[in-house]
Amino acid sequence: VSQFTIYYPKRSVEFDKKIAVHEAGHALVAMIDSDGKNIPEYVSILEAEGFFGIVTDSMSYHLAKHKSKSYADIRHQVRVCLAGRVAEHIVYGSENVSVVSAADDLKKATELCFYMFSARGISPDMDTFKGACSNLTVEIEEDKPFDKKRTELLAREYLAAQYRIVFEMINANKSLYLQLVDQLMSKSILDQNDLYKISENYQIPC
């Protein structure tokens, strides 16, 4: 039997930068939106089976939240999910965002919205009394989604609002964000200690 060696083309510098731009967005928002409590274990732009790059959130942060998640915790997850696409938007413009890199992120963000709005009685507007009590009916059987069309509408509106917040968050911390991109391009992998050191010169209460 003949044996063939398959050679995969080497990723270009520009491609690596696009991955760094995306993953740095996730990392930055994880840190900023958690007030420095969710410093990722590591961030990588090295390709592996199933992904081009990855951010792994702080294990201690998730262990602390495991049994007592609040709306704010789920909102944080949504924002981190959106951050890669938002970062691409900021750096490359909306017409040049990847149609591949954020697909799983957006799926996860949508799932979180359905979890909140259909199954847990959470409203897209939890900051007002009227909003907090406006969506208290929930699905009774998990295999029968409750008012799916309404939930989809709530999810779309909520994700759009959170997208704008994340956009402003990254722009407000642009120097740190660009430092993360540069360091990822230089080292390919940043661990938690690297992220702590990078954050030392910025206003993050790590």
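Around the amide H of residue 42, modelled in the peptide plane, lie the amide H atoms of 56, all under 5 Å away and 5 or more residues distant in sequence or on another chain.
Cα centroid separation, region 155-177 to region 92-107: 14 Å.
Computed from Cα positions, the angle between helix 103-114 and the longest principal axis of the chain comes to roughly 20 degrees. Between the Cα long axis of helix 148-172 and the first principal axis of the chain there is an angle of about 50°, rounded to the nearest 10.
Summary: within the chain, the longest segment free of GluC sites (Glu not before Pro) located in DSSP loops with at most 11 other C-beta atoms within 10 Å is 50-140. Per-residue 3J(HN,Hα) values for region 115-125, derived from phi via the Karplus relation 6.51 cos²θ - 1.76 cosθ + 1.60 with θ = phi - 60°, read 4, 5, 7, 9, 10, 10, x, 8, 9, x, 10 Hz in sequence order (x marks Gly and Pro). Rounded to the nearest angstrom and listed largest first, the equivalent-ellipsoid semi-axes of the chain from its Cα gyration tensor are 32, 22, 16. Could you compute the FRET efficiency for residue 42 and residue 149, with r as their C-beta to C-beta distance and R0 at 45 Å, rounded to 0.05? Approximately 0.65, to the nearest 0.05.
Using a simple spin-label model with pseudo-atoms 7 Å out from Cα toward Cβ, residue 189 and residue 107 lie 2.6 nm apart. Overall, the accessible surface of the chain at a probe of 1.4 angstrom is composed of carbon and sulfur to the extent of 53 percent. Relative to the dominant Cα principal axis of the chain, helix 174-187 is inclined by about 40°.
Across the chain, Cα pairs under 8 Å and at least six residues apart give a relative contact order of 28 percent. Computed about the Cα centre, the dipole magnitude for the chain is approximately 220 debye when only Lys and Arg (+1) and Asp and Glu (-1) carry charge, each at its Cβ. Counting heavy atoms of the protein chains alone, residue 17 has an accessible area of about 80 Å² for a 1.4 Å probe.
The values are calculated or read from the model by the stated rules, or taken from the named source; none is laboratory data. Remember, predicted model here, so these are calculated numbers, not experimental data. No Cβ is skipped: glycine too gets one built from the backbone with ideal geometry, and neighbour counts run over all protein chains shown. Surface areas here come from the heavy atoms of the whole protein model, side chains and all, with no ligands, DNA or RNA. Shrake-Rupley method; radii C 1.70, N 1.55, O 1.52, S 1.80 Å.
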